[in-house]
1. Starting from 0.36 nm per residue, how many nanometres of slack lie between B:H188 and B:F9 once their C-alpha separation is accounted for?
2. Would you please classify the overall shape of the stretch A:36-102 from the alpha carbon gyration tensor, given that a ≥ b ≥ c denote the square roots of the eigenvalues, rounded means a/c under 1.5, and beyond that prolate means a/b larger than b/c while oblate covers the rest?
3. Are there trypsin sites (Lys or Arg not before Pro) in the stretch B:143-199 that DSSP marks as loop and that have at most 16 other Cβ atoms within 10 Å, and which are they?
4. Can you tell me the FRET efficiency between A:K64 and A:D151 if r is taken as the Cβ-Cβ distance and R0 is 45 Å, rounded to the nearest 0.05?
5. Note down the relative contact order for the stretch B:40-195 as a percent, whole number, built from C-alpha pairs under 8 angstrom at least six residues apart.
6. Sorting A:H82, A:H144, A:H120, A:H36 on the 10 Å Cβ count, fewest up front, what's the list?
7. Translational D (Stokes-Einstein, µm²/s) of the stretch B:153-203 at 10 °C and 1.306 mPa s when Rh comes from the Kirkwood sum over C-alpha pairs?
8. Farthest toward the dipole's positive end in the protein assembly as shown, which of B:M11, A:A126, B:L34, given Cβ charges of +1 (Lys, Arg) and -1 (Asp, Glu) about the Cα centre?
Amino acid sequence: MSTLCSVLFVLIATNVLLFSNLGLAEVKNHDGAILHISNAWSPAAAPVAPARVGYLSISNVSDKAVSIVSASSPLFTHVDFHRTVMVDGISSMESVKVVNIKAKQKLILEPSGMHLMLMHATPDLAKATSIPLMLNLDNGQTLHVDLAIKDKRTTEKSAMKHAHHAHH
Amino acid sequence: MKKSINSWFIMVAFLICQCLVSVTAFSQDNNKTLKKPKPLPDFFLNDQYGKPFTKKELEGKWSMIFIGFASCPDVCPLTLANLEAVRADMGFRLRPDSIPNIVFLSVDPDRDQPLLKDYLYYYHPEYIGITGTKKSIDILIDGLDAYYKLDKKKPDDKMYNVIHSAKVAVINPGGEIVAEISPPFKAHSTGEYLIKLIRGIDS
C-alpha cells in the first residue's frame, strides 16, 4: 500500500512538474515572442574594413507580430539595421529603425537586401570566429545570436569548382 | 460589322503591346556593349601605394573599373567577391594576362586613402585601388558616366553613407570603355560575356 502511494506520489509529482513547465512555455508563447534564427553569418573581411555586415533568417513562429527595436554586439560600438536599395543602377542604403516581423512570417537578411551594419570593431574582433549579437525585442526580451564568420575564399573555391564542372 | 472590327483592333493592339513588353524583357540585360567604344578622359589619380594612376596605367590590358567606398558593408564587398568569382571562371578559358584587372575607384578619399592598400590586398594582392581629390575623381566619374554622392547628414558626420552607381565599366587595352556590366554578377554568364568581348566575338 505504501509502495503504491509512493509510486503514485512520484507519478503525480512528475506530472505536475512536467505540466507546469509546459504551462510556462505556453504562457511564454502567448505574451512572449518566439523567434527562430537560422543561417546567421558574417562574411570575413579585411581587418581594416570600417564596417562589417551581418545576415540571418528570422522566423516568427508565434501568433503575434514581433518588433526588433535595436541590436548590439560586444565586438562593435554601433549595430544598425539597413536595407540596400538599388534603383536605376544607383546603389544606396536606407536605415531601418524598427524591424517588424508579422506572425508566422520569416524575414531574411541577405546580401543586397536587408542587413545588419556593424561599425567600429573592438580589437577582440581580430581573433573572433563568430560575432555575438543581441537583438532587443519590443516585449523586453533579448535574443542572443552568433554570426558565424565565413571566409570569402570558400566562395572562390566554389566558383572554381563550378567553373571546372562547366568546362567543356 | 463594327463590333468585330473593334474586337480585331483591340486584339492587334494587345498583341503589339505584348511583343513590345517581351522584347524589353529579353533585352533588359545586365551586360551592355556600347555601340562605339568610348575613350576615357585624361585623369590624374593615385593608386593605393601612392603612385600616380592615369589613363596610361590602363593601356595594354583589359580592366574593370567600379565605384565604391571601403565603409560599404554590403554591396562593395559583394561586388569584389563576385567579380573575383567571374575572373576565376574566366581563368579556365583565357590566358592569365587576358583576364581583366580589377580597379576599385574610391569616391570617399577622406576615409579610404589611409586604408585602401590593406583593404584591397585582403581581397586580392593584384587589385588596384585608385582615389584622389574630389575634382580628379569627378573627371573620371564623368568619363565613366557614373554617379556618386557623399550623403553627409552634417558637416562633421563621420558615419555617412555613399550613394553610387553600381555598374562596372569594361575598359579595353586602348583605354576605351567597351561595355558596362551590372549586378548581379554571375560567375559563368558574366564570364562568358566578357570572354566574347575580349576575343572580339560578336554576341
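1. Details: separation 179, 0.36 × 179 = 64.44 nm, distance 4.44 nm.
Between B:H188 and B:F9, full extension yields an extra 60.0 nm.
2. Working: a/c = 1.88, a/b = 1.31, b/c = 1.44.
Oblate.
3. On the way: sites: B:K149, B:K152, B:K153, B:K158, B:K167, B:K186, B:K196, B:R199; in loops: B:K152, B:K153, B:K158, B:K167, B:K186.
Counting only loop positions with at most 16 other Cβ atoms within 10 Å, the trypsin sites (Lys or Arg not before Pro) in the stretch B:143-199 are B:K152, B:K153, B:K158, B:K186.
4. On the way: r = 38 Å, r/R0 = 0.85.
For A:K64 and A:D151, the calculated efficiency is 0.70.
5. Values: 270 pairs, mean separation 53.5, N = 156.
Reported as a whole number, the value is 34 percent.
6. Numbers: A:H82 21, A:H144 9, A:H120 15, A:H36 12.
So the ranking, lowest neighbour count to highest, is A:H144, A:H36, A:H120, A:H82.
7. On the way: Rh = 13.5 Å.
For the chosen part, D equals 117 µm²/s.
8. Sorting the options by dipole projection puts first B:M11.
All of the numbers you see were taken from the coordinates with simple rules; none came from a lab. Given the structure is predicted, the values throughout are model-derived calculations rather than measurements. Every residue, glycine among them, receives a Cβ derived from its backbone with ideal geometry; neighbour counts consider all protein chains shown.
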